[in-house]
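Asker: One structure, as structure tokens, below. Some questions next.
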Amino acid sequence: MDADTSTADAGSGGDDPAEPSVSGARPSSDKAAAAAPAPRRASRRFPSVTRYTARPEGGGRAASGTAPAPARQWPLLSVLGSTGFGLLLVSLDLFRVGLIIIGLALLAGGVLRWLLPSVGMLAVRSRFTDITTYGALGVLIVLLALVAQPRPWLDIPFLEDAVRFTVR
């Protein structure tokens, strides 16, 4: 016998109004006791609709509620559009330029998250975590694109020594 059924049997509130009911509240009259619904047994499944979860800070609409959906999510769409354009350039064999555009799009996402009070679905976690994640990924992608072989656009002197040391 599980806890829910034992609680319901032990404190069902029968005919004695002084006896506590399952919810722990005493009915004020017999009429209130008759009108009170029977307690429902709690399900062990996760609810199909999540309630009482906090939205990320700044996760509200970026435009008014009367604007169409794309206009409300313009920060996310601008980052995704720039990233898509960068991927198109990478597929057209302009990998370095495409990767730089992808990295700059992530950096722009971090800047938008920092400057705008509401950025819609661009807000995934807390503001600090989003800015840090977008910024770090953007800087790493841009730096990797700049030092990619052949003919790197950025020469870091100790990088060649580090590679030569690890891959003898």
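The values are calculated or read from the model by the stated rules, or taken from the named source; none is laboratory data. In this text the structure is predicted, and so the values were computed from the model without any measurement. For the accessible areas, the whole protein counts, side chains as well, though only heavy atoms, and no ligand, DNA or RNA atoms are used. Shrake-Rupley method; radii C 1.70, N 1.55, O 1.52, S 1.80 Å.
Asker: How do Val119, Val139 rank by accessible surface area computed with a 1.4 Å probe, from largest to smallest?
Answerer: Putting Val119, Val139 in descending order of accessible area: Val139, Val119.
Asker: Let me check something: with ligands and nucleic acids excluded, how do Asp130, Asp161, Asp93 order by accessible area (1.4 Å probe), largest to smallest?
Answerer: Asp93, Asp161, Asp130
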